[in-house]
Every structure is written in C-alpha cells, then in structure tokens.
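Input: a single structure, listed below in structure tokens.
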Amino acid sequence: MEEEASEQNVTGQQPLHIVTPTVHSTPLSKFAGFQVYLKLENLQIPGSFKIRGIGNLCQKAAKQGCKRVVCASGGNGGLAAAYAARLLNLPATIVLPTTTPDFVAEKLRDQEADVEVHGNVWDESNQYALKLAQDPDCLYVHPFDHPDVWEGHESLVVEAKEQLGSPPDVVVASVGGGGLLSGVLQGMQRVGWGHIPVVAMETEGADCLNVSLRQDTVSTIPAITSVAKCLGALTPCTQVFDLCKKHKVISKLCSDKQAIDACLKYADDHRQLVEPACGASLAAVYSGILNDLQSQGQLGPIKSALIVVCGGSSVTLEALDKWKKEFKL
Ligand SMILES: Cc1ncc(COP(=O)(O)O)c(C=O)c1O
C-alpha cells in the first residue's frame, strides 16, 4: 500500500493526503524550556502540507467532471497538483518558469505530469497556465488562493486536536501567500481553538503578510529576495489578511540565516530535511522568537507549542551545505 488514507472528506471520498503524526520533540522542548509538538507535514507523500488543500480542490473538481489539471508552480504546489491528478487519473500540465531546476521537472514527470517551461518568472508562467486552463473542463489550480485549498488545509488542525492530549498555548505556521495560515486559522475556529494565538512566520525578503498587516491593507512587495523561494508570494490572499483581523495572529520575521540555521539544527535533531520555508517556523523555537514574545508579554506563559512542520521537496543535503557556507553557519 502506498499510503495511509485519512477519513472521508466532504466529497465523500478518501482524501489524497495521509494522516501525519503529531510528535513531541525532546530536543526542541529542551531548547525552548517548554513542550514543543511537531505536526509532521513533511511526511506527506509529495513532501508538504500542500497536498491537503490542492488534493481537496482537485478531488472536488474531478467529482464535478473536470478532465484536466493545470498549475503554474515550480515548487510544492506543482508537485501536489501533479500527485493529486495522478491519483485521480487526470492528465496534469505543470507550467514552470525557466529558472526552475531540472530536478524539479524530473520529479513532476515522475508523477506523470506534462511539464511546460514558459516565462522567466512565475507571473509569466501563470499567465500562460491561465490561458491553457480556459477550457471549462480544465481545472486551474491556484497554489494558495482558493476556498477549497483552505478547507483542505483545515484538516491538519482537526488531526492535531485529536492527536494532542490538550490544546497548545500557541501554534506556529509559515506564510507564503497565506493558504496554509488561512486553513490553520479556519481549522482552529472549527475545533474550538479560536482563542489560541498563532505566530505567523515569514523570512525577511518574503514578507508580504507582515508588510500588509503593518500597512493595514493587502499590499504587494516589490520583489522576493529571500532564499525561502516557496514563501515568495508578492501579495498575500485577502482571506488570510481578513482572518488575521479576527484571530490573535502575531506576525514575525526571521532572517534567511536563522531559517537555514533552523533547517540544519532540525536535520541533526530529527534527521529530516526541510526547506527554508519550513525552517522559518522552526526558527520560532531555535532563534528564541517564542521565548522573546513570552518575556515581552505578547504571549502568555507557554507550557506547550505546536509547530506546523510544513516540509518542502526542493531541498537537498548539497543545498543545505551550500547555504551553511554562504551564511557562515
Ligand atoms: C514548504 C512550504 N511551506 C510554506 C509555504 C507557504 O504556503 P502558503 O503559500 O499557503 O502560505 C509553501 C508554499 O509553497 C511551501 O511550499
């Protein structure tokens, strides 16, 4: 059997994601001085939480007669769309910008997707993907801005609530375009965790939510300068901005160096490789960000924290080693 399926979802079918474990981390707890629990989304078959939301979107569309899937993403969204389409027996076209490394195209072809290279940046690839998807039988997969994507991501909180004996005092998640955080916040409302604060982590140079919250309006940043490329949305979705007004969300930034340092420490502590996008959330512990929030009184006393280990496939030992040298770690 390839994977463990979770309970039936709103389509009445088995979801395409697996139930991931929520584990207690002894090394991170020792480091933090409080209990740290990890929701291991890096264990999803396509490598990240993305399959929850994109799987839900594709599955619902398939039920409504969709015949083809198109997505523009050289990252984890594309991988999730290709994987979901394969499981649903639908052809998938994934459009990549020319800057995407060859190994990503190969991973997509391994999922039986057609790979088209078009445009120098994601926006150009996306324009082309939108054109391809004009046919009404075709599903255009947006990587973070769709209600079915948020609904799919909610499931990770529903699982964590069942897996944890008692609710955490704080939840930590990374933010790119805000699809993950929207799903986490919606899930928390759904399971009665609406009162628990969330720390939303971005890296400097991929900080569109932080800028939007500071300017009190959905804002577009001029460019992505962080190494955490998959946090690289220029504009957050309106949904995440609106949810941040209704729920206690503390937006924090870490440097690329802190995100890479967290990836390296996590690799040693837990023997798992994750992308810098995920390192940003782990840096909330390894760089003392949660402890600082606690001592500044922005967070109450923390007895336990839940970190969403969002994962990511675009990481190798070689890449981590290169960053280690570049950031003098
Ligand atoms: C590993 C990983 N973490 C976090 C994110 C951010 O997710 P979102 O764009 O839904 O905020 C992404 C997005 O691609 C990702 O691939």
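The values are calculated or read from the model by the stated rules, or taken from the named source; none is laboratory data. Computed from a predicted model, the values in this text were never measured in an experiment. Neighbour counts are summed over all protein chains in view; Cβ atoms, including those assigned to glycine, are modelled from backbone coordinates with ideal geometry.
For residue 77, state whether it is at positive phi and either assigned to a helix (DSSP H, G or I) or touching a Ser or Thr at 6+ places or on another chain (Cβ under 8 Å) (or both).
Working: at positive phi: no; either assigned to a helix (DSSP H, G or I) or touching a Ser or Thr at 6+ places or on another chain (Cβ under 8 Å) (or both): yes.
So residue 77 does not fit the description; no.
Of all residues in the range 314-328, which are outside any helix (DSSP H, G or I) and surrounded by 14 or more Cβ atoms within 10 Å (Cβ to Cβ)? Walk me through it before giving the result.
Initially, the range 314-328 is screened for residues outside any helix (DSSP H, G or I), giving 314-316, 327-328.
If the condition is that a residue be outside any helix (DSSP H, G or I) and surrounded by 14 or more Cβ atoms within 10 Å (Cβ to Cβ), then 314, 315, 327 are the ones that fit.
Among the residues of the range 145-163, are any in contact (Cβ under 8 Å) with a residue 60 or more places away in the chain and assigned to a strand (DSSP E or B)?
There is no residue in the range 145-163 that is in contact (Cβ under 8 Å) with a residue 60 or more places away in the chain and assigned to a strand (DSSP E or B).
List the helices (runs of 4 or more DSSP H) inside the range 200-313, counting only whole elements, that have at least 3 residues being within 15 Å of residue 170 (Cα to Cα) and more than 20 Å from the chain's Cα centre (by Cα). Talk me through it step by step, then tell me what you get.
Values: elements: 208-215, 238-246, 256-270, 276-286, 289-295.
Those helices (runs of 4 or more DSSP H) span 289-295.
Does residue 106 count as farther than 19 Å from residue 132 by Cα, modelled with pLDDT under 95 and assigned to a helix (DSSP H, G or I)? Before the answer, list the steps.
Working: farther than 19 Å from residue 132 by Cα: yes; modelled with pLDDT under 95: yes; assigned to a helix (DSSP H, G or I): yes.
Yes, satisfied.
Go through (1) touching an Asp or Glu at 6+ places or on another chain (Cβ under 9 Å); (2) buried (at least 19 other Cβ atoms within 10 Å of the Cβ); (3) of a type in the set (Val, Ile, Thr) and name the single condition residue 45 misses.
Going through (1) touching an Asp or Glu at 6+ places or on another chain (Cβ under 9 Å); (2) buried (at least 19 other Cβ atoms within 10 Å of the Cβ); (3) of a type in the set (Val, Ile, Thr) one by one, residue 45 breaks only (2).
A quick yes/no check of all residues on (1) within 13 Å of the ligand (Cβ to nearest atom); (2) β-branched (Val, Ile, Thr):
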position: 140; (1), (2): no, no
position: 143; (1), (2): yes, no
position: 150; (1), (2): yes, no
position: 157; (1), (2): no, yes
position: 162; (1), (2): no, no
position: 175; (1), (2): yes, yes
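Restrict the check to the range 258-270 and report whether at least one residue is within 16 Å of the ligand (Cβ to nearest atom), crowded, with 17+ Cβ neighbours inside 10 Å and among the acidic types (Asp, Glu).
no
Here are some conditions: (1) within 16 Å of the ligand (Cβ to nearest atom); (2) surrounded by fewer than 20 Cβ atoms within 10 Å (Cβ to Cβ). Residue 128 meets all but one. Which one does it not meet?
The one condition residue 128 does not meet is (1).
Just checking, how many residues over the range 24-59 are touching a residue at least 12 places away in the same chain (Cβ under 8 Å) and within 27 Å of residue 295 (Cβ to Cβ)?
The initial filter retains those residues of the range 24-59 that are touching a residue at least 12 places away in the same chain (Cβ under 8 Å), namely 24-25, 27-28, 31-59.
After this cut, where a residue has to be within 27 Å of residue 295 (Cβ to Cβ) as well, the list is 24-25, 27-28, 31-39.
So the count comes out to 13.
Residues to consider are 181, 231, 185, 209; find the one that is buried (at least 23 other Cβ atoms within 10 Å of the Cβ) and out of contact with any helix residue (DSSP H, G or I) (no Cβ under 6 Å at 6 or more places or on another chain). Show your work before the answer.
Working: 181 fails: out of contact with any helix residue (DSSP H, G or I) (no Cβ under 6 Å at 6 or more places or on another chain); 231 fails: out of contact with any helix residue (DSSP H, G or I) (no Cβ under 6 Å at 6 or more places or on another chain); 185 fails: out of contact with any helix residue (DSSP H, G or I) (no Cβ under 6 Å at 6 or more places or on another chain).
Sole residue among the options that is buried (at least 23 other Cβ atoms within 10 Å of the Cβ) and out of contact with any helix residue (DSSP H, G or I) (no Cβ under 6 Å at 6 or more places or on another chain): 209.
Say whether the condition of being of a type in the set (Ser, Thr, Tyr) and either touching a Gly at 6+ places or on another chain (Cβ under 6 Å) or not assigned by TED's automatic domain parsing to the domain that holds residue 316 (or both) is met by at least one residue in the range 118-136.
Our first condition is that a residue be of a type in the set (Ser, Thr, Tyr); within the range 118-136, this holds for 125, 128.
Imposing the further condition that a residue be either touching a Gly at 6+ places or on another chain (Cβ under 6 Å) or not assigned by TED's automatic domain parsing to the domain that holds residue 316 (or both) reduces the set to 125, 128.
So far as the range 118-136 goes, yes, one or more of its residues are of a type in the set (Ser, Thr, Tyr) and either touching a Gly at 6+ places or on another chain (Cβ under 6 Å) or not assigned by TED's automatic domain parsing to the domain that holds residue 316 (or both).
Can you find a residue that is closer than 23 Å to residue 182 by Cβ, crowded, with 19+ Cβ neighbours inside 10 Å and not small (Gly, Ala, Ser) anywhere in the range 107-120? Before you say what the answer is, go through the steps one by one.
Going through the range 107-120, the residues closer than 23 Å to residue 182 by Cβ turn out to be none.
No - not one qualifying residue is present in the range 107-120.
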